[in-house]
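So the structure is just underneath, and the comments pick up after that.
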Amino acid sequence: MSRAIRGSGFPLGIFSVDGDAPRVGAAFEGSIIDVSAILGDEVFRAPSLNGFLTRGPEFWQQTADAIESAVSTGTAQREDAASAVLHLPIEVADFVDFFSSLVHATNAGNILRPSSPGLQPNWREIPVGYHGRAGTVVVSGTPVVRPFGQVKLDGLRPQFLPTRKLDVEVELGFVVGVPSELGTRVRTGDFERHVFGSVIVIDWSARDIQAFEAQPLGPFLGKSFGTTISPWVVPLSLLKPLRVPAPERDPEPLPHLAEAESWNLPIRFELLVNGEVVSRPTFEDMYWSPSQELAHLTSNGASLRTGDLYASGTISGRDRDEWGSLLELTANGAAPVTLPSGRRLGYLQDGDVVEVRAWATGADGRRIDFGVAAGTIVPSREQEG
């Protein structure tokens, strides 16, 4: 993980060593700083970041300053990251997944609805999204069990089978710290007051289950059997200096979705299957930004809760080697992806190891590392009885 820029914060997560109690740690130069040893507050001896998150931006900055001071004076207690166990960093309250890449939305529409326009008429007006299952969000390293579901085969009634089209989507997630009151709206300019930071997200997708169930409603069981996140939450304070201009939006968003300042970010990703790079998506050209997604998420007065997680949806760039899902990379008519090993990549097989890495480069040239989100595909569990 990266060295922090002074006064800008550290990636935070939950760790344990030698079976001791999980507690809050900060990632620093390949080691983990025990935050509870620096600050005596019980909030740092908890098995999740939720208590810390709910305290808000002023406390977040005070914590970052205290860690920076301990690092500078050499008094920080450091643990070897290689010997630590990393845990799910938050208790997930709600999970929402968006659909914010113009390239991905167009690609997916053309693949899934070949007889209709690729982009639906509402897509440029609102950040389209759906609710997922908070209880199936897991930390990196957790095995991904191939799900069963109703799959429609040609000329037959649907059958209850293990998915044959297990996909991965590369995404960026955002972690809510400060809640909002039911019946109020959070504006785009209030993004930093509510969101602490971001994580890598792998949205596992069973495309054949999704295709049958999503008529006429949206994703459900084909998307909710598992979502993997990275163990470190990278604070917005580290990312804010890196912001880049938003892409042109046509038509102009309605006033409640307008941004005074862009929150598009130049974050780079790598998608790997069995250690081989499949694609390198980039986040900076996403059509809808995280501040707009938060505003839309609460535009009907829905409240935020500490531990809410929302994701960007698949990150896909203009070029094919920047596409963030196997759906796009293996679509009919596309040249097959051949890995250096010689394997022609299709949907995921049992035993495949998927990794997503992400990083950004600071203004001073230092690397801001998001770490890795990873999962190994394991066979379906047959139902007993």
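Please compute the length gained on full extension between Asp65 and Ala331, using 0.36 nm multiplied by the number of residues separating them and subtracting their Cα-Cα distance.
On the way: separation 266, 0.36 × 266 = 95.76 nm, distance 4.88 nm.
Length gained between Asp65 and Ala331: 90.9 nm.
Over all alpha-carbon pairs of the stretch 216-276, lay out the pair-distance distribution in 10 Å bins, whole %, shortest bin first.
14, 26, 35, 24, 2
Which semi-axes, in whole Å and largest first, does the equivalent ellipsoid of the chain have when worked out from the alpha carbon gyration tensor as the square roots of 5 times its eigenvalues? If you can, show how the numbers build up before the last one.
Details: eigenvalues 225, 122, 80 Å².
Taking √(5λ) for each eigenvalue gives 34, 25, 20 Å, largest first.
Among Pro340, Ser100, Ser303, which residue has its Cα positioned farthest towards the positive end of the charge dipole of the chain, with +1 placed on the Cβ of Lys and Arg, -1 on the Cβ of Asp and Glu, and the dipole taken about the Cα centre?
Towards the positive end, the residue furthest out is Pro340.
Report, by chain and number, residues whose modeled amide H sits under 5 Å from the one on Thr361, excluding near sequence neighbours (fewer than 5 apart, same chain).
Excluding prolines and chain starts, which carry no amide H, the hits are Ile368.
Work out the FRET efficiency for Val244 and Ala93 from their Cβ-Cβ distance, taking R0 = 41 Å, and round it to the nearest 0.05.
About 0.85, to the nearest 0.05.
May I ask you to sort Leu217, Leu257 by Cβ crowding, counting other Cβ atoms within 10 Å and putting the fewest first? Display every interim value, and only then the final one.
On the way: Leu217 8, Leu257 21.
Going from least to most buried by this count: Leu217, Leu257.
Can you list the residues of the stretch 205-232 with backbone N under 19 Å from a point 7 Å past the Cα of Gln150, pointing along Cα to Cβ?
206-225
Read phi for every residue in the stretch 160-167 and hand back ³J(HN,Hα) as whole Hz from Karplus 6.51 cos²θ - 1.76 cosθ + 1.60, θ = phi - 60°, with x for Gly and Pro.
These are the phi-based 3J(HN,Hα) values: 8, 9, x, 4, 9, 10, 7, 10 Hz.
Give me the distance in nm between label points sitting 7 Å out from Cα along the Cα-to-Cβ direction at Asp319 and Glu42, one decimal.
5.4 nm
In debye, nearest 20: dipole of the chain around its Cα centre with unit charges on the Cβ of K, R (+) and D, E (-)?
On the way: 33 positive and 47 negative charges, 124 e Å.
Once rounded to the nearest 20, the dipole reads 600 debye.
By counting other Cβ atoms within 10 Å of each Cβ, how are Thr376, Thr228 ranked from fewest to most? Intermediate values should be presented prior to the final figure.
Values: Thr376 15, Thr228 24.
Listed from fewest to most nearby Cβ atoms, that is Thr376, Thr228.
Near the amide H of Arg164, under 5 Å away, which other amide H atoms are found, from residues 5 or more places off or on another chain, if H is placed in the peptide plane?
It is Asp208, by chain and number.
Order these by the 10 Å Cβ neighbour count, fewest first: Leu339, Leu271, Leu39.
Values: Leu339 15, Leu271 25, Leu39 18.
In order of increasing Cβ crowding within 10 Å: Leu339, Leu39, Leu271.
Say each of Gln159 and Ala21 gets a label point 7 Å from the Cα, pointing the same way as Cα to Cβ; how far apart are those two points in nm?
That separation, rounded to one decimal, is 5.3 nm.
Quick one: work out Rg over Rh on the C-alpha atoms of the stretch 249-385, Rh as Kirkwood radius. Numbers along the way, then the final one.
Details: Rg = 18.5 Å, Rh = 17.8 Å.
Value, to two decimals: 1.04.
Only loop residues by DSSP count here, and only those with at most 13 other Cβ atoms within 10 Å; note down the GluC sites (Glu not before Pro) in the stretch 171-240 that meet that.
Numbers: sites: Glu171, Glu181, Glu192, Glu213; in loops: Glu181.
Taking the stretch 171-240 and a limit of 13 other Cβ atoms within 10 Å, the loop GluC sites (Glu not before Pro) found are Glu181.
What value in Å³ per residue do you get for the convex hull of the alpha-carbon atoms in the stretch 185-303? Please report the intermediate quantities before stating the final value.
Numbers: hull volume 19.6 nm³, N = 119.
Per-residue hull volume (Cα only) is 165 Å³.
When all alpha-carbon pairs of the stretch 19-160 are counted, what percent fall beyond 18 Å? Walk me through the intermediate numbers first.
Details: 7241 of 10011 pairs.
Cα-Cα pairs of the stretch 19-160 separated by over 18 Å account for 72 percent.
Local charge sum around Lys223 (other residues, Cβ-Cβ under 13 Å, Lys/Arg +1, Asp/Glu -1)? Don't skip to the answer; put the middle values down first.
Numbers: positive: Arg133, Lys165, Arg207; negative: Asp97, Asp167, Glu169, Glu171, Asp203, Asp208, Glu213.
Charge balance in the 13 Å sphere: -4.
If contacts are Cα pairs under 8 angstrom and at least 6 residues apart, what is the relative contact order of the stretch 59-185 in percent? Can you show the working numbers first?
Values: 78 pairs, mean separation 21.7, N = 127.
Averaging sequence separation for qualifying contacts and normalising by length gives 17 percent for the stretch 59-185.
So what are the three principal axis dimensions of the stretch 12-87 from its Cα atoms, in whole Å, longest to shortest?
For the stretch 12-87, the Cα spread along each principal axis is 32, 27, 18 Å.
Determine the relative contact order of the stretch 12-87: mean sequence separation of Cα pairs under 8 Å and six or more apart, normalised by residue count, in whole percent. Walk me through the intermediate numbers first.
Values: 109 pairs, mean separation 30.0, N = 76.
It comes to 39 percent, rounded to a whole number.
Report the gain in length on full extension from Asn122 to Val378: 0.36 nm times residue separation, minus Cα-Cα distance, nm rounded to one decimal.
Working: separation 256, 0.36 × 256 = 92.16 nm, distance 3.76 nm.
Gain on stretching Asn122 to Val378: 88.4 nm.
Which loop-located GluC sites (Glu not before Pro) does the stretch 34-91 contain, where loop means any DSSP state but H, G, I, E or B and the Cβ has at most 15 other Cβ atoms within 10 Å? Display every interim value, and only then the final one.
Working: sites: Glu42, Glu58, Glu68, Glu79, Glu91; in loops: Glu91.
Sites meeting the loop and neighbour criteria: none at all.
Let me have the relative contact order for the stretch 245-377, percent, based on Cα pairs under 8 Å that are six or more residues apart.
Contact order relative to length: 25 percent.
What full-extension length gain, to one decimal in nm, is calculated for Ala258 and Thr73 as 0.36 nm per residue of separation minus the Cα-Cα distance?
Values: separation 185, 0.36 × 185 = 66.60 nm, distance 4.36 nm.
Taking 0.36 nm per residue and subtracting the Cα distance, the gain is 62.2 nm.
Can you list the lysines whose alpha carbon is less than 25 Å from that of Lys223, not counting same-chain residues fewer than 8 positions off?
Within the straight-line cut-off, Lys223 pairs with Lys152, Lys165.
Bear in mind these aren't lab numbers, they're just calculated from the coordinates by the rules spelled out. Because the structure is predicted, anything quoted here is derived from the model rather than measured. Every residue, glycine as well, gets a Cβ built from its backbone with ideal geometry; the counts of neighbours run over all protein chains shown.
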